[in-house]
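Colleague: Here you go, one structure.
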Amino acid sequence: MNLTTLDVQIVHRVAVIWLAREAVRNAFNETVIAELTDTFRALGADESVRAIVLAAKGPAFCAGADLDWMRRMSGYSLEENRQDARTLADMLRTIYECPKPVIARVQGDAYAGGIGLVAACDVAVAALDAEFCLSETRLGLVPATISPYVIRAIGERQARRYMVTAERFTASEAFRIGLVHELAPPDELDARVNALLGVLMTTSAAAVASTKRLVREVAGQHVDDALLAHTAEAIAQARASDDGKEGVLAFLSKRKSRWVQEFDAAQAAARAAAGEDNGDDLRDA
């Protein structure tokens, strides 16, 4: 894949997608949107990849929309704006529905659409000095395409405040309202992300994909007979699956599951090929 706005590297079965437009604080335009969409689709279908980290080079995570892109959009017709906005909406949904676990590694500023990226990921870890802002109303705009993910992350009440006021808020506030799951000092951010990745490698890829789908399907639903039947079917299917049988048997036999053994072997092979352990810091990926 020939990428111009992203830097993608795969180490120890973890794909790290770096937003690589440091000069414009990783603001996105139509090229970034297209490349993120294509990259997440490709990695989501790649069986050699167990997890994905969305990270950013430079001092900012993502400043939202690129100014040149915004300038061009101001001259678009209504129909052109509809088509353009839909590509952004499709990109966010691709991240949100990616079958692989996705971790956002957030440092510096995450503004507007940058918050949408964070909210679309499964887990978000932010540096203590990160700052956030849903800034659209300052520009006479609305945070429309990101709203499904932001509202799911922080709830309607908090979304009303920060979407309407467009005020900046700190990493500690982002943690309090549920936008990010964990905070870390800047120099410990990679270590915390790597610790989460280590935990993820003990899980079944198939079970993770099914669980992500289950959460989307169950969230917000009434507890009724239809929901009970759906969840009962989900666990029945999981128990009868190859991974379900393997995982239970491995637990009862007190041995490592097949997927943990496969990860250990892949990790050992990669380290042997490199001649060193290069997996301690995402910045080395």
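The values are calculated or read from the model by the stated rules, or taken from the named source; none is laboratory data. This one's a predicted model, so the numbers in the text were calculated from it and none came from an experiment. Heads up, the Cβs are rebuilt from the backbone with ideal geometry, glycines too, and the neighbour counts pull from every protein chain shown. The accessibility values were calculated without ligands, DNA or RNA, using every heavy atom of the protein model including side chains. Shrake-Rupley method; radii C 1.70, N 1.55, O 1.52, S 1.80 Å.
Colleague: Go over the candidates ASP122, ASP129 one by one and state the one that is touching a residue at least 12 places away in the same chain (Cβ under 8 Å) and farther than 25 Å from GLU22 by Cβ.
Modeller: When all the criteria are applied, what remains is ASP122.
Colleague: Of the conditions (1) assigned to a strand (DSSP E or B); (2) open to solvent by 40 Å² or more (accessible area, probe 1.4 Å); (3) within 26 Å of ALA171 (Cα to Cα), GLN9 fails just one. Which one is it?
Modeller: Condition (3) is where GLN9 drops out.
Colleague: Considering each residue of the range 211-265, count those that are under 21 Å from ASP122 (Cα atoms) and more than 27 Å from the chain's Cα centre (by Cα), and give that number.
Modeller: Number of matching residues: 0.
Conditions (1) of a type in the set (Asp, Glu); (2) open to solvent by 20 Å² or more (accessible area, probe 1.4 Å), marked per residue:
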| position | (1), (2) |
| --- | --- |
| SER77 | no, yes |
| ALA85 | no, yes |
| LEU88 | no, yes |
| LEU92 | no, no |
| GLU97 | yes, yes |
| ALA104 | no, no |
| LEU117 | no, no |
| VAL123 | no, yes |
| ASP129 | yes, yes |
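Colleague: May I pose another question? Given the condition assigned to a helix (DSSP H, G or I) and polar (S, T, N, Q), answer yes or no: does some residue in the range 28-36 qualify?
Modeller: Yes, that holds for at least one residue.
Colleague: Which residue is surrounded by the most Cβ atoms within 10 Å (Cβ to Cβ), if the candidates are limited to the range 13-37 and must be out of contact with any Leu (no Cβ under 8 Å at 6 or more places or on another chain) and closer than 19 Å to ALA209 by Cα?
Modeller: ARG13
Colleague: Can you name every one of the strands (runs of 3 or more DSSP E) wholly within the range 131-243 that holds 2 or more residues which are surrounded by 19 or more Cβ atoms within 10 Å (Cβ to Cβ) and of a type outside the set (Lys, Arg)?
Modeller: 131-133, 182-184
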